[in-house]
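Step one of this worksheet: look at the structure below.
Every read-out reported here was derived from the displayed coordinates using simple, explicitly stated rules and does not represent laboratory data. Bear in mind that the values here come from a model prediction, so they are computed numbers and not experimental data. Backbone-built Cβ (ideal geometry, glycine too); neighbour counts: all protein chains shown.
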Amino acid sequence: MPELLEQDLHPTFSPLYSAQQITRAKAVEFIFPPPPPNFLLYNQISFAENHTDSGAKAIYTDGSKTDEGTGRAYCIFENYGIIASWQGKLDRSNSVFQAEILAIRMAIEAASSLLRPIKIWTDSLSSLMAIFNPKSHHSMVREIQTLLLSHKHIHPRWLKAHVGYLGNECADQLAKEAITKGDPFLLPKPLSYLKSEIKSAALSIWQDNWDNG
């Protein structure tokens, strides 16, 4: 009898979700945290919309960085072809994040004169998350947020890189070419570069002091 009571008091249930499903759900929530309910860009930015090559007018942006330098570009696609594009190059000390953000900024400027809704697709998750952050202190991110609030017909979207989307592949190629062919553009060096330079200088001074006793 005690055994039956113990079984009744401690019933077992089959879990509704596996541990793997729960882990995946938590990962998605971490990557795409919900914005504050009063965040005005909530309905303009999407990380989850499936991309389809429908032929509708859309803008694709990308940034690229190699040992030669840093480039960024956008291209406007319609009916499966490029109808306009832009390329710009930055200093090699500038980061790929700066390139991606600036490409999105220029694409928004190009889309601002359009009178119908248009999507701007980027494969830079970090850039779109920065724009999605209402507490960002990055000057260009804040500028982009202000522009989007003034142009409700522009809808930034994220898509996965290098999976065969024609517009994305063209933007990627244009950004790589922009490293040597793009219009020059001056941006302040990123904090990461300045920290690296300071560290290198400090190590050089330390080495000189060590060598010279």
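Key figures
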read-out: Where labels lie 7 Å past Cα in the beta-carbon direction, separation of Phe47 and Glu169 in nm; value: 2.7 nm
read-out: Among Tyr60, Ala111, Ile82 the positive-end extreme of the charge dipole of the range 44-204 (Cβ point charges); value: Ala111
read-out: Local net charge near Glu49, Cβ-Cβ under 11 Å (Lys/Arg +1, Asp/Glu -1); value: +2
read-out: Most to least packed among 178-186, 48-56, 78-86 [average Cβ atoms within 10 Å]; value: 178-186, 78-86, 48-56
read-out: Residues with amide H under 5 Å from that of Ser93, placed H, sequence gap 5 or more; value: none
read-out: 5 angstrom amide H check on Asp62, placed H, neighbours 5+ away; value: Ala73
read-out: Cα-based Rg of the range 44-204 normalised by 2.2 N^0.38 Å, two decimals; value: 1.05
